[in-house]
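Notes follow the structure.
The values are calculated or read from the model by the stated rules, or taken from the named source; none is laboratory data. Keep in mind it's a predicted model, so treat the numbers as computed, not measured. Heads up, the Cβs are rebuilt from the backbone with ideal geometry, glycines too, and the neighbour counts pull from every protein chain shown.
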Amino acid sequence: MAEQKKLEQRLIKEPGFVGAVLRGRARREKKHILLFVDQFEELYTLVPDPVERTAFTASLAAVADDPTSPIRLVISIRSDFLDRVPEDPRFMAELSQGLVFLNSPGTEGLREAIVSPAELAGYRFESTAIVDDMIKHLATTSGALPCSSSRPASCGTRATRPTRCSPSRPTTRSAASPARWPATPTR
């Protein structure tokens, strides 16, 4: 606990620390690093201290402050939380330069999100009906489809935690349901 508090204090005093550590690692390993912060809105729902939130956003801004750096930062945030970001004006200025709005995926987008990873791993679904059932299940359990303008905050899909597909266990599973949908190896 004391070590965590010490690190928190360092990040408040030196927001560039995280970026320096990541850039050093990327250069040593001669690789690029993608830092992906998903569900960024949780910064505002789970962290009540504005000083702590500002330290976090300042650290993120420092990670992405050099376009020649081997580090890239991607943040996903629900649009209904964008009004909270201006609490840190510097971060808001940085964020607004690269802001991209994505629509919720429709049926074809969901189909692509289900089928493509399986195909990349060398699997195929035995029938399109299986994929259709998965999409229907996602739509009924998450309210993701159809996306109507009367409820824009609920548009989109909820993430499911997939299990690994491997030749020894050729199935995928949605965390939203215990049901298994078989995928057949193509290799």
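Please specify each residue of region 86-133 satisfying the condition of being of a type in the set (Val, Ile, Thr) and either assigned to a loop (DSSP other than H, G, I, E, B) or exposed (fewer than 12 other Cβ atoms within 10 Å of the Cβ) (or both). Show your work before the answer.
Taking region 86-133 and keeping what is of a type in the set (Val, Ile, Thr), we get 100, 107, 114-115, 128, 130-131.
Result: VAL100, THR128.
Pick from VAL63, VAL51: which is modelled with pLDDT under 95, among the aliphatic types (A, V, I, L, M), assigned by TED's automatic domain parsing to the domain that holds LEU11 and closer than 16 Å to VAL85 by Cα? Outline the logic, then answer.
Values: VAL63 fails: closer than 16 Å to VAL85 by Cα.
Residue meeting the stated conditions: VAL51.
Looking at region 4-21, can you tell me whether even one residue there is surrounded by 13 or more Cβ atoms within 10 Å (Cβ to Cβ) and β-branched (Val, Ile, Thr)?
First pass over region 4-21, keeping only residues surrounded by 13 or more Cβ atoms within 10 Å (Cβ to Cβ): 8, 10-12, 14-19.
Next cut, β-branched (Val, Ile, Thr) only: 12, 18.
There is at least one residue in region 4-21 that is surrounded by 13 or more Cβ atoms within 10 Å (Cβ to Cβ) and β-branched (Val, Ile, Thr).
What tally of residues in region 22-47 results from selecting those that are surrounded by 15 or more Cβ atoms within 10 Å (Cβ to Cβ) and among the basic types (Lys, Arg)?
1
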